[in-house]
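S.K.: Structure in structure tokens, see below.
The values are calculated or read from the model by the stated rules, or taken from the named source; none is laboratory data. The model shown is predicted, which means the values in this text are computed figures rather than measured ones. In this analysis, Cβ positions are derived from the backbone assuming ideal geometry, glycine residues included, and neighbour counts consider all displayed protein chains. Accessible surface is based on the protein model in full, side chains and every heavy atom, while ligands, DNA and RNA are left aside. Shrake-Rupley method; radii C 1.70, N 1.55, O 1.52, S 1.80 Å.
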Amino acid sequence: MERIDLLITGIGRLVTPPGNAPRCGQQMKQLEIIIDAALAISEGSIVAFGTSQDVLELMRDLEVVETIDVGGRMVTPGLVDPHTHLVHGGSREHELALKRSGVSYLDILAQGGGILNTVQSTREASEQELYDKARRSLNEMLLNGVTTVEAKSGYGLTLEDELKQLRVAKRLNDTHPVEIVSTFMGAHAVPLAYKGRAEEYVDLIVDEMLPTVAEEGLAEFCDVFCEKGVFSVDQSRRILLEGKRNGLIPKIHADEIEPLGGAELAGEIGAISAEHLLAATDKGFAAMAEHGVIPVLLPGTSFNLGLAKHARARDMIDTYELPVALATDYNPGSCPTESIQLIMMLASLNLKMTPEEILTACTINAANALGRGESIGSIAVGKRADLTIFDAPNLAYLPYHFGINHTFGVIKNGNVIVWDRTIVAIESGKEEGAR
């Protein structure tokens, strides 16, 4: 190493979970904290970090191209949002009054609203319109400190419209500094054209959609909404196993509203993650723990739907020693927010998670829910230089002082993308204006 591309000084508090593996149970509270720290980056990777004195001593005989001082602020790994429905058309504010009057999420869906309403809007939108809308949301996520985002399809429900969503996600990954990880979710709902013929729609997914998505390399994961009135456990199993045969790693929307057995299925088929889990049972938790499934919890969704029940994060962490991850579930119906920092607050308030657990859930555990724990999710020599700079004195301040964005800066792949709450470099590979 002869040259340092970027040296970050003035770090009041550097906070990171250690290692690359998911952090389970009590490990979620264990963080590495360095006061008065510095960090060095070369060719997009972290090459040194520690106390300012130690790092500056290492840099003494090296060429440093650029130095930035973060003014005593806190630095963490770049945040990871492992469950979103980023690409979609339209919005569903017209359903708000229905929800507040007591009409359930599944009842709205059964009436042709909900997901099916967004399906219609997504089908009508052009690829460019979907791209422009999703890009605006992605900018908001970036400004909130997120450096990697999962994006599910599932608002097309025809082969061509699912491919349209996935092509938009791929284009965003190619042009935006935030990394997009794509998930095929043709099994998000049964389209109106197949009402009463769910098995025929499953045939379409298995016989046409999955092979085409895999052949075109448009997704890394396959997801299913395993829920009463949507896809049964048997249908979900068939889709996810066929996805595996096509090289797509299984995820599952499990036991969100009814304890159908989605968490148990996640363990059975070796899913990388099971998501939602509000109604999951102890048997489901045990199956997930036995098979290394990561629970991705979405407290913004239960909050927005006005549910009295929340995911049992404390049981997952304390009793079953599961590596809990957190995500926004950004979507136009049940959770229309891009703010991962709102999710942090709700995890503290409703899931009773500690600030240390929350950071772990939004970094290394979220990274592992996307199969990326080796490259992102913690601050370590050799890992990608994805960092979030918070204008906050410590972790507890993030969920404590809620309703505002605490992000001061974001570094992605060693490039300063956000500085002083402003996006200064937006096109991936085009760092004009970057510091």
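S.K.: Please list Arg92, Arg60, Arg314, Arg421 from largest to smallest accessible area, probe radius 1.4 Å, with all protein chains kept in place.
M.R.: Putting Arg92, Arg60, Arg314, Arg421 in descending order of accessible area: Arg60, Arg421, Arg314, Arg92.
S.K.: Report, to the nearest whole %, how much of the accessible area of the chain belongs to carbon and sulfur atoms, 1.4 Å probe, protein only.
M.R.: 49
S.K.: What is the spin-label model distance, in nm, from Ile33 to Val65 if the labels are put 7 Å beyond Cα along the C-beta direction?
M.R.: It is 3.4 nm.
S.K.: Which percentage, to the nearest 5, of the DSSP beta bridges contained in the chain is antiparallel?
M.R.: If I count the DSSP bridges inside the chain, around 45 percent turn out antiparallel.
S.K.: Quick check: residue separation of Ala97 and Glu374 times 0.36 nm, minus the Cα distance between them. What number comes out in nm?
M.R.: Difference between extended and current length: 95.3 nm.
S.K.: Shape of region 75-130 from its Cα gyration tensor (a ≥ b ≥ c, root eigenvalues): rounded if a/c is under 1.5, otherwise prolate when a/b > b/c, or oblate?
M.R.: oblate
S.K.: Would you please state which residues of region 335-362 a label at Gln26 would reach in this model, taking the label point 7 Å out along Cα→Cβ and a backbone N cut-off of under 16 Å?
M.R.: Under 16 Å, as judged by backbone N against the label point of Gln26, lie 354, 357 of region 335-362.
S.K.: Length gain on complete extension for the stretch Asp318 to Gln120, per 0.36 nm per residue less the alpha carbon to alpha carbon distance?
M.R.: Stretched fully, the Asp318-Gln120 segment lengthens by 67.0 nm.
S.K.: For region 83-190, calculate the relative contact order in percent as a whole number, restricting contacts to Cα pairs under 8 Å that are 6 or more residues apart.
M.R.: Reported as a whole number, the value is 33 percent.
S.K.: Still on this structure, please answer the following. Please list log₁₀ I(q)/I(0) at q = 0.13 Å⁻¹ for the chain, using the Debye equation with identical point scatterers on the alpha-carbon positions.
M.R.: -1.09
S.K.: Looking at this model, which pairs from Lys170/Lys195; Lys170/Lys412; Lys164/Lys228 are more than 23 angstrom apart at the alpha-carbon?
M.R.: Lys170/Lys195; Lys164/Lys228
S.K.: Something else now. Which value, in debye to the nearest 20, describes the size of the charge dipole of the chain about its Cα centre when Lys and Arg Cβ atoms bear +1, Asp and Glu Cβ atoms bear -1, and nothing else is charged?
M.R.: 780
S.K.: Along region 151-158, what does the Karplus equation 6.51 cos²θ - 1.76 cosθ + 1.60 (θ = phi - 60°) give for ³J(HN,Hα), rounded to whole Hz, x for Gly and Pro?
M.R.: 10, 9, 7, x, 10, x, 6, 10
S.K.: Now a separate question. Treat each spin label as a single point 7 Å out from the Cα along the C-beta direction, and report the Thr354 to Asn405 distance in nm.
M.R.: Computed distance between label sites Thr354 and Asn405 equals 3.1 nm.
S.K.: Quick check: net charge around Leu359, other residues with Cβ under 13 Å of its Cβ, Lys/Arg +1 and Asp/Glu -1?
M.R.: That works out to 0.
S.K.: Here is a further query. Cα to Cα, under 16 Å, and not fewer than 8 places away if on the same chain: which aspartates and glutamates meet these conditions relative to Lys352?
M.R.: Once the sequence-local aspartates and glutamates are set aside, what remains near Lys352 is Asp315, Asp318, Glu321.
S.K.: Taking the simple approach of a point 7 Å from Cα along Cα-to-Cβ for both Ser52 and Leu307, what is their distance in nm?
M.R.: 4.7
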